[in-house]
Protein chains: 2
Amino acid sequence: MIRLLLVHESGLLRSALASVIGAEPDIEAAACAWRDARSRARSLEPQVCVVDTDSPAADKAARKGEWGKFVASASGEGGDCGLLVLVNSERPGPLRRAHEARALGYVDKDAPPQRLIEAIRRVARKERYVDDALGYGFLQAAKIPLTERELGVLSLAADGASIPEIARTLHLSTGTIRNYLAAITRKTGARNRVDAIRISQCEGWV
Amino acid sequence: MIRLLLVHESGLLRSALASVIGAEPDIEAAACAWRDARSRARSLEPQVCVVDTDSPAADKAARKGEWGKFVASASGEGGDCGLLVLVNSERPGPLRRAHEARALGYVDKDAPPQRLIEAIRRVARKERYVDDALGYGFLQAAKIPLTERELGVLSLAADGASIPEIARTLHLSTGTIRNYLAAITRKTGARNRVDAIRISQCEGWV
């Protein structure tokens, strides 16, 4: 039996997906939201964790560093839980984040359920699974034009911080922040700062 | 038999939800994405349409006026399709939009599947169904602090338009747009224009 934990924000959708997956004779599926993910992972010790990366909740969990802690909780001391992510092929940011979290399986959110079930069996055997539909997304994920520092500045700006506030948070001068914001606007091909935030959010970079 | 059409962007999640709903003996469930919603509605003539209102795709469809056209296509000449929406109780914007589109049923996205199934049967009988969990969301929806005009200005600003561009689009002076943006910032309790956009997007107003 494959013990599986599915993390998704909507109770309705995660119940439905868990019930379809759990109908397979060799899979036992539990499901929860991000807020319960670590405690459920610790008590269940799943062999496979399926995480929907394409939601504001997943983005927020990533900003708070919850992904790594969750994967560590799921793996326990034995360290043998395989991470399988559901990704939107049009948002390279979450795909990159999943890659950094050493996900073993990658399934397009537009795939038929049968493909997810196949991927679950592969990841349970510690084999890599990459959905064909995601090839382009992987290429895009490698091409985020901003540096980590620029992404940090942009992230604070997107949260509504002013230039002096960003400068204080990052211990930099306001002039330096202005330079970063100008570089970000240029590199994203944006018309202005608000446009740069919009583009980066659409692409899933921040 | 209740003929039902479910509109949701993710192929994986809509298949799973349709399969859980379609397992009921009295419901026949089909599912599609927004891009196919109108043509599927026309050919299927469903008695109930279930729409997930809480996604960037649904927001985009709303901005393009697709909701009204979809409901009209589903109703056909007889005009008897009931709209049932899945809503996130923390985002009053889509809830308000669903109300404007004369939705008959409102189910929280965090509800158990059985509650959605009950709501489907009620809406098929032309009865109203409002999930208890959404009471607070409805109150919030009634309290969007911005006028239609202000929401229009904010929507363009959130798309990255500059003040002169917004002025040209709305046939107003740049001074007037500046006044609108100042009023928006004040009314949303924001620190600045970017913060006002962020707050309004979080609340689902734009």
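The values are calculated or read from the model by the stated rules, or taken from the named source; none is laboratory data. Since we're looking at a predicted model, the values are computed, not measured. So basically every Cβ, Gly included, is an ideal-geometry build from the backbone, and we count neighbours across all protein chains shown.
Of note:
- Residues satisfying the stated conditions in the stretch B:153-188, i.e. of a type outside the set (A, V, I, L, M, F, W, C) and touching a residue at least 40 places away in the same chain (Cβ under 8 Å): B:155, B:187, B:188
- Where residue B:3 falls short, out of the listed (1) within 19 Å of the chain's Cα centre (by Cα); (2) assigned to a strand (DSSP E or B); (3) over 30 Å from residue B:152 (Cβ atoms): (1)
- Entry remark, the stretch B:158-193: residues being crowded, with 17+ Cβ neighbours inside 10 Å and touching a helix residue (DSSP H, G or I) at 6+ places or on another chain (Cβ under 6 Å) number 13 in total.
- Of everything listed in (1) in contact (Cβ under 8 Å) with a residue 12 or more places away in the chain; (2) surrounded by 15 or more Cβ atoms within 10 Å (Cβ to Cβ); (3) among the hydrophobic types (A, V, I, L, M, F, W, C), the single unmet condition for residue A:1 is (2).
- Test: residue in the stretch B:66-76 that is under 24 Å from residue A:116 (Cβ atoms) and within 20 Å of the chain's Cα centre (by Cα): no
- When residues of the stretch A:153-171 are limited to those that are modelled with pLDDT under 90 and under 15 Å from residue A:188 (Cβ atoms), the one nearest to the other protein chains (Cβ to nearest Cβ): A:158
- Scanning the stretch A:91-118 for residues that are in contact (Cβ under 8 Å) with a residue 60 or more places away in the chain, over 17 Å from residue A:60 (Cβ atoms) and within 14 Å of another protein chain (Cβ to nearest Cβ) yields A:113, A:116, A:117.
- Flag if residue A:86 is touching an Asp or Glu at 6+ places or on another chain (Cβ under 6 Å) and either surrounded by 18 or more Cβ atoms within 10 Å (Cβ to Cβ) or over 25 Å from residue B:90 (Cα atoms) (or both): yes
- Residue match in the stretch A:75-83 (condition: polar (S, T, N, Q), buried (at least 17 other Cβ atoms within 10 Å of the Cβ) and touching a residue at least 12 places away in the same chain (Cβ under 8 Å)): no
- Number of the exception - residue A:123 against (1) within 22 Å of residue A:70 (Cβ to Cβ); (2) aliphatic (A, V, I, L, M); (3) touching a residue at least 60 places away in the same chain (Cβ under 8 Å); (4) in contact with an Asp or Glu (Cβ under 9 Å, 6 or more places away or on another chain): (4)
- Positions within the stretch A:38-57 being crowded, with 23+ Cβ neighbours inside 10 Å and of a type in the set (Gly, Ala, Ser), in sequence order: A:41
- Residue match in the stretch A:97-117 (condition: farther than 30 Å from residue B:159 by Cβ, modelled with pLDDT of 90 or more, touching a Cys at 6+ places or on another chain (Cβ under 9 Å) and not small (Gly, Ala, Ser)): no
- Residue A:173 among the hydroxyl-bearing types (Ser, Thr, Tyr) and under 19 Å from residue B:192 (Cα atoms): no
- Test: residue in the stretch B:158-176 that is of a type in the set (Ser, Thr, Tyr), touching a strand residue (DSSP E or B) at 6+ places or on another chain (Cβ under 8 Å) and more than 27 Å from residue A:162 (Cα to Cα): no
- Some residue of the stretch A:187-195 being more than 8 Å from chain B (Cβ to nearest Cβ) and touching a Lys or Arg at 6+ places or on another chain (Cβ under 9 Å): no
Conditions tested, residue by residue: (1) closer than 30 Å to residue A:13 by Cβ; (2) small (Gly, Ala, Ser).
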{"residue": "B:120", "(1), (2)": "yes, no"}
{"residue": "B:135", "(1), (2)": "yes, yes"}
{"residue": "B:140", "(1), (2)": "yes, no"}
{"residue": "B:163", "(1), (2)": "no, no"}
{"residue": "B:177", "(1), (2)": "no, no"}
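- Verdict on residue A:146 being among the aliphatic types (A, V, I, L, M), in contact with a Phe, Trp or Tyr (Cβ under 7 Å, 6 or more places away or on another chain) and within 14 Å of another protein chain (Cβ to nearest Cβ): no
- Only residues that are β-branched (Val, Ile, Thr) and surrounded by fewer than 21 Cβ atoms within 10 Å (Cβ to Cβ) were counted across the stretch A:107-157, and they come to 4.
- Check on residue B:206, closer than 24 Å to residue A:190 by Cβ, outside any helix (DSSP H, G or I) and either without any contact (Cβ under 8 Å) to a residue 40 or more places away in the chain or under 17 Å from the mean Cα position of the chain (by Cα) (or both): yes
- Which listed residue, of A:31, A:23, is without any contact (Cβ under 8 Å) to a residue 40 or more places away in the chain and surrounded by 18 or more Cβ atoms within 10 Å (Cβ to Cβ): A:31
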